[in-house]
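Student: My questions all concern the structure below.
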Amino acid sequence: MRYMATGNFQITLGDCSDMSQPSVSKCVRNVSDAVATLAPDYIKFPFPEREEEFLQEFASIAGMPGVIGCIDGTHIPIKSPGEPNPELHRCRKNFFSINVIGVCDARMIFSNLVVSWPGSAHDSRIFTTSRFCESLQAREYRGLLLGDSGYALHPYLLTPIHNPANEKQRKYNRSHIKTRTTIERTFGVWKKRFAVLQHCRSKAVYYQK
């Protein structure tokens, strides 16, 4: 856990704990696997009966009605995963990464994560091929998501208005942006708490949860 929190080199942490680097690496993998098995218990979308609670909490931020979550992507840097096709992991910022798509609630708690795509994949593509998107398309929820202009506009996903032409549209954009920044702050807190997410210390490891 100290490795995840600090992002220090494993050999440095091993010296502090009188352990070899391979032993530290094994511990990190075992703990990561254990944490991943707990993910479904903590990272989950609300049951329909709790939907109204989520809608009210988002509305209290900037008056945006009908919002059940905010969505965005972030790139987690990794070392080159090697063959085959390592360039699939090179993102638009020219480093190797895993593109993680997250949805959060108004309390900055993740309610959905997709962590199985390489850095070259576009946020919108990852979302539209996810099981979560299928649930929204099936109208299992009344609420909708807020996303940035990198996503396509859908009945269940609202994006900002390009070049707003009147005060109503400008007001919508202000409310949208103020509410949607919740997911950006959530990613920021996540990376601050687990600094290893900001450093390319390991190769790609996917957890399909």
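Student: With the Cα gyration tensor of the chain giving a ≥ b ≥ c as the square roots of its eigenvalues, does the rule (a/c under 1.5 for rounded; else a/b larger than b/c for prolate; else oblate) give rounded, prolate or oblate?
Tutor: Values: a/c = 2.13, a/b = 1.83, b/c = 1.16.
Taking the square roots of the gyration eigenvalues as a ≥ b ≥ c, the chain is prolate.
Student: Once each part is reduced to its C-alpha centroid, what is the distance from the stretch 52-67 to the stretch 21-35 in angstrom?
Tutor: 40 Å
Student: Per-residue HN-Hα couplings for the stretch 87-104, Karplus 6.51 cos²θ - 1.76 cosθ + 1.60 at θ = phi - 60°, whole Hz, x for Gly and Pro?
Tutor: So the Karplus estimates, Gly and Pro as x, are 5, 4, 8, 7, 8, 5, 8, 6, 9, 6, 7, 10, 8, 9, 9, x, 10, 10 Hz.
Student: Given Cα pairs under 8 Å that are at least 6 residues apart, what percent is the relative contact order of the chain? Display every interim value, and only then the final one.
Tutor: On the way: 333 pairs, mean separation 55.7, N = 209.
For the chain, the relative contact order is 27 percent.
Student: Hey, another quick one. Specify the residue with the greatest mean-square fluctuation among Cys91, Cys133, Cys16, computed from a Gaussian network of the chain linking alpha-carbon atoms under 10 Å apart.
Tutor: Cys16
Student: Which of the residue pairs Lys26/Lys191; Lys79/Lys178; Lys26/Lys192; Lys44/Lys191; Lys44/Lys192; Lys171/Lys192 have a Cα-Cα distance greater than 30 Å in the structure shown? Could the numbers behind the result be given before it?
Tutor: Numbers: Lys26/Lys191 22 Å; Lys79/Lys178 35 Å; Lys26/Lys192 24 Å; Lys44/Lys191 20 Å; Lys44/Lys192 22 Å; Lys171/Lys192 32 Å.
With Cα atoms farther than 30 Å apart: Lys79/Lys178; Lys171/Lys192.
Student: Taking the Cα atoms of the stretch 72-140 alone, what are Rg (to one decimal) and Dmax (as a whole number) in Å?
Tutor: Cα radius of gyration and Dmax of the stretch 72-140 are 13.5, 41 Å respectively.
Only the coordinates and a few stated rules stand behind these numbers; no lab work does. From a predicted model like this one, the values you see are computed outputs, not experimental measurements.
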